[in-house]
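Single-structure report; data block below.
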Amino acid sequence: MEYVSGAMNLAHDDVEALRGVDLNLLVAFDAVARTGNVTAAARVVGVTQSAMSHALRRLRALFDDPLFVRSPGGVSLTPRAEDLLVPVRNGLVTLARALHEPAVFDPQTTSRTFVVSAVDLVTWVAAPRMLRVLAQDAPAAGLTLRPLGSDFAHGLETVSYTHLTLPTSDLV
């Protein structure tokens, strides 16, 4: 029980660190990173170009980094922005799911992508059965298989859905 208590305190400290941070700035960051263009990002978010520029100024101050630099055809990410991209996007996806998905899990309607990390042998043995079960019980769900490596703990914090993603309906 001590571990759970410690984990809860760490989570509380992390949330406290967000006090005073406008989380809409992270939406702006993600939009600029996705589009590579401040004006296009403003349209995506539904704000004026001026408001998006103001959000970028605040982001630069928050992270003490330019985050985006002018490049032909738009903007490019700085190394710091590259480091922020996956954690920010995962955080936004997690929040969106928490706010908009039904409280009760219904496998027949879920469109979630389930991520499984395992050693190769387990993956090859279990994947066909997982795909059959998902196709029957959760037809809109996806399955991502990832190798289990030394970066497993880090991977849990920065899950990326760009690895081998298998739509179950196409494979069974």
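The values are calculated or read from the model by the stated rules, or taken from the named source; none is laboratory data. Not measured: the values here are computed from a predicted model. In this analysis, Cβ positions are derived from the backbone assuming ideal geometry, glycine residues included, and neighbour counts consider all displayed protein chains.
The residue pairs whose first member lies in region 107-121 and is of a type in the set (Gly, Ala, Ser), whose second member is surrounded by 15 or more Cβ atoms within 10 Å (Cβ to Cβ) and assigned to a strand (DSSP E or B), and whose beta carbons are closer than 7 Å, counting only pairs six or more residues apart or on different chains, are Ser117/Arg146.
Kindly provide the set of residues from region 47-76 that are in a loop (DSSP other than H, G, I, E, B) and modelled with pLDDT of 95 or more, ordered by number. Steps first, please.
Filtering region 47-76 down to residues in a loop (DSSP other than H, G, I, E, B) leaves 47-48, 64-67, 72-73.
Selection gives Val47, Thr48, Asp64, Asp65, Pro66, Leu67.
Across region 65-100, the number of residues qualifying as closer than 18 Å to Leu23 by Cα and small (Gly, Ala, Ser) comes to 4.
Taking region 127-138, which residues are touching a Pro at 6+ places or on another chain (Cβ under 9 Å) and surrounded by 14 or more Cβ atoms within 10 Å (Cβ to Cβ)? Break it down into steps so the answer makes sense when it comes.
Kept after step one, since they are touching a Pro at 6+ places or on another chain (Cβ under 9 Å), are these residues of region 127-138: 134, 137-138.
Answer for region 127-138, where residues must be touching a Pro at 6+ places or on another chain (Cβ under 9 Å) and surrounded by 14 or more Cβ atoms within 10 Å (Cβ to Cβ): Leu134, Ala138.
Taking every residue in region 64-76 that is small (Gly, Ala, Ser) and pairing it with any residue that is in a loop (DSSP other than H, G, I, E, B), at least 6 positions away or on another chain, the pairs with Cβ-Cβ distances below 7 Å are Gly74/Gly36; Gly74/Asn37.
On the basis of being closer than 23 Å to Asn24 by Cβ, modelled with pLDDT of 85 or more and not β-branched (Val, Ile, Thr), does Leu145 make the cut?
Working: closer than 23 Å to Asn24 by Cβ: no; modelled with pLDDT of 85 or more: yes; not β-branched (Val, Ile, Thr): yes.
No: the conditions fail for Leu145.
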